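The structure under discussion appears below in the form of structure tokens.
Only the coordinates and a few stated rules stand behind these numbers; no lab work does. Just so we're clear, the structure is a prediction, and the values are computed from it rather than from any experiment. For neighbour counting, all protein chains shown are included, and Cβ atoms are generated from backbone atoms with ideal geometry for every residue, glycine included.
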Amino acid sequence: MSPLVAPIDASAPLVLLSYDVSATNRSAASRVAHLIFGRKDMPEASPRPYILRPGVVWIGQSVFVLPQPLAAELAEKLHGLGAAVTMAPVTISSTEMEAFRRRPRCRPAA
């Protein structure tokens with residue numbers, strides 16, 4: 001995976017993003033998982049999974065807090081895969097955000 005990722009403006013407003021993919025659409029669910037969490041067999045030049053991008057905090061299943069520009073980009077891609085997406089602006093200090101930060105459960109693609 002490419003280590004070059006556009007920097008995220010630390011002053012960008014934060015967005016709570018939640019998505020849902022129909023359990024009956026396994027193909028879309030798989031593509032959404034690859035978009036967010038990546039794959040081990042992805043080529044080196046592949047885009048970095050969203051879970052590993054700067055400013056992204058995984059709150060829980062299908063819920064993230066991330067900078068607004070990144071949220072808009074992810075929402076557009078999720079909609080393109082058939083996912084339902086809900087977003088809302090949030091205000092939280094970086095100190096409070098750390099309480100929600102967790103390491104990704106997936107292993108970063110090598």
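Data for the structure
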read-out	value
Sorted peptide list for 70-81, 90-101, criterion being average Cβ within 10 angstrom, highest first	70-81, 90-101
Mean separation of Cα contacts under 8 Å, 6 or more apart, over the residue count of the stretch 14-98: relative contact order %	48
Separation of alpha-carbon centers, the stretch 16-49 and the stretch 52-79, rounded to whole Å	12
